[in-house]
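I have placed the structure first, in the form of structure tokens, so that the comments after it can refer back to it.
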Amino acid sequence: MLSKLVNKFSNNRDGSSVSSSMRERRFHLFVHTLDVTPDHSILDLGGDSATWLGSGLEQNVTLLNVTNPKQRDLDAGFTCIKGDACDLSLFANQQFDVVYSNSVIEHVGDFDRQKQFAAEAVRVSKKYWIQTPNRFFPVEPHFLFPFFQHLPSSLQKLVALKWPYSHLKKWNQSDEAILDELSRIRLITHIEMKTLFPDAHIMREKFYGLTKSFVAWKS
């Protein structure tokens, strides 16, 4: 029963799940709010082709990830670059009409790294849309355990390795990979988002009256 509830809440591959429906609504809001058109050059930091296929925007999207390009992204015709989103020195100032990122900035490490990510996203873009989960939402979105982000480090490690419903467990990641991912995740508060993106609008994405995530956007 618990497994079904977790899956209904978090499975991005299930179009009826809470996570998928919120992601779809957010994407439509992104396109409308930033007035994104097929003529815009778009840099997606940490994303993949699944976000863009069928949107009509595919032709000018560049995907940047720290890992080697996925074959399905290459097969779909996307420009794929292996790189660090905290160092976009290969791109010029305002090289892209739009920079987009969904649930990535919380994965890059400590607050200094997050500041580098934000500064680079702003530098290379004319418009941007950066989404991230809210640190104070009751259920941590990666390990799917209540108040996980507020537990002591020793308990976080124990839960991360033993709790069977996290995304990493469902993806059959090794214990080493799970602990590595845990060491790099740092959820962000509303005040920190305002600090990271001082010139942006900060949108609160709600779920049953609670702020589930933030979006920093500028058009």
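Each value in this text was obtained by applying a stated rule to the coordinates, not by laboratory testing. Fair warning: this is a prediction, and the values are worked out from it, not measured in the lab. Ideal geometry is used to build each Cβ from the backbone, glycine not excepted, and the neighbour counts take in all protein chains shown.
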Q: Pull up the DSSP beta bridges for the chain and report the antiparallel fraction as a percent, rounded to 5.
A: 45
Q: Quick one: what are the phi-derived ³J(HN,Hα) couplings along the range 191-208, Karplus 6.51/-1.76/1.60 with θ = phi - 60°, whole Hz, x for glycine and proline?
A: 4, 5, 4, 5, 5, 5, 10, x, 9, 9, 7, 10, 9, 9, 8, 9, 9, 6
Q: With +1 on each Lys and Arg Cβ and -1 on each Asp and Glu Cβ, and nothing else charged, work out how big the dipole of the chain is about its Cα centre, in Debye to the nearest 20.
A: 740
Q. So what J values fall out for the range 22-33 if you push phi through Karplus, 6.51 cos²θ - 1.76 cosθ + 1.60 with θ = phi - 60°, rounded to Hz, Gly and Pro as x?
A. 5, 5, 5, 4, 5, 5, 4, 5, 4, 4, 6, 5
Q) Check Asn134: other-chain or 5+ apart residues with amide H under 5 Å from its amide H, H built from backbone geometry? A) Ser213, Phe214
**Q.** Virtual spin-label span in nm between Ser174 and Arg23, 7 Å along Cα→Cβ
**A.** 2.6
Q) Between Val66 and Leu53, what is the label-to-label distance in nm when each label sits 7 Å out along the Cα-to-Cβ direction? A) 2.6
Q.
Report the gain in length on full extension from Ile191 to Lys206: 0.36 nm times residue separation, minus Cα-Cα distance, nm rounded to one decimal.
A. 3.7 nm
Q. Does the range 143-184 come out rounded, prolate or oblate, given a ≥ b ≥ c as the square roots of the eigenvalues of its C-alpha gyration tensor, rounded meaning a/c under 1.5 and, failing that, prolate meaning a/b above b/c?
A. oblate
Q: Could you list which residues have their amide H under 5 Å from that of Thr62, counting only those 5 or more apart in sequence or on another chain, with H placed in the peptide plane?
A: Ile42, Leu43, Asp44
Q. Using alpha carbon centroids, what distance separates the range 121-165 and the range 39-75, in Å?
A. 23
Q. Got a sec to turn the phi values of the range 53-67 into Karplus ³J(HN,Hα) couplings, 6.51 cos²θ - 1.76 cosθ + 1.60 with θ = phi - 60°, whole Hz, x for Gly and Pro?
A. 4, x, 7, x, 10, 4, 5, 10, 9, 10, 9, 10, 9, 6, 9
Q. Taking a quarter of the surface of the Cα convex hull of the chain, what do you get in nm²?
A. 12.0
